[in-house]
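The values are calculated or read from the model by the stated rules, or taken from the named source; none is laboratory data. Not measured: the values here are computed from a predicted model. No Cβ is skipped: glycine too gets one built from the backbone with ideal geometry, and neighbour counts run over all protein chains shown.
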Amino acid sequence: MSWIRRNWTPHEADEWTKEDWIAVVLSPFSYVFITFGVAMSLFLLPIGFLFLGLGILMTALMFYVIDPKLKAVSESYERKQQEYLKELEKHQRWEE
Amino acid sequence: MVHFTGLDYFWTIAYLVLMIGCGAVFYRLGKRSGADFFLAGRGLPWWLPATSNFATHTATDTPMWFSGMVYRHGLYGMWYSLFAGWCAVSAWVSARIFRRSLAGTQAEWATQRFSGLGAELIRGWLAGWQVAMNMFIAGWVGIAMGNVCNYLFGWPLWVGLVLFSSLCCLYVITAGFWGVIIADVQQGITMFIVIILVSIWAAMAAGGPSKIVAGLYNLGMSEMLNPFRSTGFAKGDYPILWLITMIAVPFLGGFGMATHFDWFVEAQRIQSARNVRDAGYSIWWGAAAVIFRNAIWALAVLAVVVMTEGKLSGDEAALAWFKVGFEYFPVGMVGFFFASILAIHISTIAGILNLGSMYATRDLYHHYINPQASEDKVVRVGRWMTVVVLLGSFFFGIMIGKDIVDWLFFALWLMIAGTWLPNILQVIWWRFNAWGYLSAWIANLGICWLVVWILPAFGVIPNDLPQHIQFWILIVLVAMVYIPVTLLTKPDDMDRLVKLYVQTRPIGFWGPVKREAERRGLLQALAEIERKAETEAKGA
């Protein structure tokens, strides 16, 4: 899946890209398919197993797409977090 | 009435000792700072807040309304439970933005997102509203426990309300959010095991899954197995418009913040996660566990439908899941089941008490009353505020009595109907300002009463207007107030917006703010710093 980008610099990962939108679209579908897939599978209905399979597939694909980007965003943000926390406390105490 | 054996008492008492013990074990961590007392130090791996999300969102009243819905509508009733679907989108959008803001509460976010007097008014309002709302939620969950204890032991309603919430309060006061999160993990695992066990017992009692399906067909209720049934676009019991509302509201709501009352609870867990990725994962997996739980519950409820031939009244159906546990579990396991109900109850109450206390302490006391308070003082006030929220919950709980459902729906309406869209706009549109947001809240409070209670009482609109129609009416009416207010007042201070943009990178229509940040060289400077840090890291 060469059209899915899996290597990110922190600066590039900060932008909203198609990988975010793919995750945003897949995520609700995976919830719906898992909800009804699990319930209908418990009643041994064949369509339930199909839904469940689709739900698992979508979930796996979603994490495959979004995880590298989230890792890059997290690593980059953590470097600046302490500075932001200091500013937050200044605001809390009306010092800015 | 249920008969307890010695082993049943053992399970119950052992569980309570374990929960209160958490307070003692995590006492030292909880008192280190305000961030520890309310956010467990902001360093948790994703699975801890995820389990806590699951435990907090499985309250005593949850199996009641879920059983009622599925008993009445079959698998179609599960759409009601998909309100948790906002987490599907929020995990990758608003949770990421909120985590980057580092705001402890939604009220604190308001003073980062908006500027000037309007921002402070919103913060004060949201904080006060959340203190009251958390008292109310703890009250209605508490009175649900009162109902369960009334059914089990014949106790007066107030005993179940006061006794278990007070015991729970002990470990929340002692260890703060550390106690809440660790106890939630134990409670989450306990309740998940019991939910599976009860469902298996129910299915076995009804003869197994195939027999349940056959039973539904024999009763002429096979439609119960169809989650996609419809009676036309806007009419009948299963209109497509309702389904569209139930899908659009949660999933689109994930782009915003506070589009659902659960957001306020999740926001605390988002900030307790150790980084942006873990925050998103905690939200996604917490809600995934919730929908997985619902699917398992559905098995038990439909088993009860077959066993009772669908003849239970609404009140009896609401207790269907509890009845399965108490009537079909073997001797000695009833106490284990009761302990798991306590887990369900206490995990919600604990989270709510700590959250209410956080708004009272962080946003009201620390920001407005004593900004120079030491960390030690903040923790002490946090403990007192926990007690205040507890006492408030008793007041609301006794006031609600047994009419839980009406109150619940109206409270949800007050929270989300007219403010749903403004809560999305505050994230995706830079021009939406403090006065627009404030006016939306005020308009919603007034129009909500009008649409839900007053106009139907005077016959201006039909008395039986479906709730999804009420929702869209409220969206339109409230928008007629806040859109003009926004456009007729000045945008928020550009310095504030640029700062927020650089720190949180919100999604949507932020073009002018982004260009201003670029003009000031802020984005380029950040990129340069990141490049250097990466080069140094590679070199090392």
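Here are a few things to note about the model shown:
- A count restricted to region B:219-233 and to residues that are surrounded by 12 or more Cβ atoms within 10 Å (Cβ to Cβ) and either on the phi > 0 side of the Ramachandran plot or touching a residue at least 24 places away in the same chain (Cβ under 8 Å) (or both) stands at 8.
- From the list B:342, B:312, the lone residue that is part of a helix (DSSP H, G or I) and buried (at least 20 other Cβ atoms within 10 Å of the Cβ) is B:342.
- Conditions (1) assigned to a helix (DSSP H, G or I); (2) out of contact with any His (no Cβ under 9 Å at 6 or more places or on another chain); number of the one not met by residue B:527: (2)
- Of the criteria (1) free of Cβ contacts under 8 Å to residues at least 40 places away in the same chain; (2) facing another protein chain (nearest Cβ under 9 Å), which one residue A:76 fails: (1)
- Residue within region B:493-502 that is within 26 Å of the chain's Cα centre (by Cα) and surrounded by fewer than 19 Cβ atoms within 10 Å (Cβ to Cβ) present: no
- Qualifying position, being over 26 Å from the mean Cα position of the chain (by Cα), surrounded by 24 or more Cβ atoms within 10 Å (Cβ to Cβ) and within 14 Å of chain A (Cβ to nearest Cβ), among B:279, B:303, B:298, B:287: B:303
- Those helices (runs of 4 or more DSSP H) of region B:450-519 in which 1 or more residues are in contact with a Gly (Cβ under 7 Å, 6 or more places away or on another chain) and not aromatic (Phe, Trp, Tyr) occupy B:467-488.
- Evaluation of residue B:66 against (1) modelled with pLDDT of 95 or more; (2) within 13 Å of chain A (Cβ to nearest Cβ) (one fails), failing number: (1)
Here is a yes/no grid of residues against (1) under 21 Å from the mean Cα position of the chain (by Cα); (2) at the interface with another protein chain (Cβ under 8 Å from one of its Cβ atoms); (3) in contact (Cβ under 8 Å) with a residue 40 or more places away in the chain:
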residue: A:7; (1), (2), (3): yes, no, yes
residue: A:12; (1), (2), (3): yes, no, yes
residue: A:15; (1), (2), (3): yes, yes, no
residue: A:22; (1), (2), (3): yes, no, yes
residue: A:25; (1), (2), (3): yes, no, no
residue: A:52; (1), (2), (3): yes, no, no
residue: A:65; (1), (2), (3): yes, no, yes
residue: A:89; (1), (2), (3): no, no, no
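- Residue check for residue B:46: touching a strand residue (DSSP E or B) at 6+ places or on another chain (Cβ under 7 Å), at pLDDT 85 or above and over 13 Å from residue B:379 (Cα atoms): yes
- Residues of region B:182-219 classified as within 28 Å of the chain's Cα centre (by Cα), within 14 Å of chain A (Cβ to nearest Cβ) and farther than 16 Å from residue B:323 by Cβ, total: 2
- Look at (1) out of contact with any Asp or Glu (no Cβ under 9 Å at 6 or more places or on another chain); (2) surrounded by fewer than 23 Cβ atoms within 10 Å (Cβ to Cβ); (3) among the small types (Gly, Ala, Ser); (4) on the phi < 0 side of the Ramachandran plot and you find that residue B:88 fails only one, number (2).
- Apart from one condition, residue B:228 fits all of (1) within 21 Å of residue B:292 (Cβ to Cβ); (2) more than 13 Å from chain A (Cβ to nearest Cβ); (3) in a loop (DSSP other than H, G, I, E, B); the exception is (2).
- Flag for residue B:67 being small (Gly, Ala, Ser), surrounded by fewer than 24 Cβ atoms within 10 Å (Cβ to Cβ) and part of a helix (DSSP H, G or I): no
- Residue A:45 being of a type in the set (A, V, I, L, M), more than 30 Å from residue A:5 (Cβ to Cβ) and more than 9 Å from chain B (Cβ to nearest Cβ): no
- Residues that are touching a Gly at 6+ places or on another chain (Cβ under 9 Å), within 11 Å of another protein chain (Cβ to nearest Cβ) and in a helix (DSSP H, G or I) within region B:98-113 comprise just one, B:99.
- From the options B:77, B:116, residue that is among the small types (Gly, Ala, Ser) and more than 11 Å from chain A (Cβ to nearest Cβ): B:116
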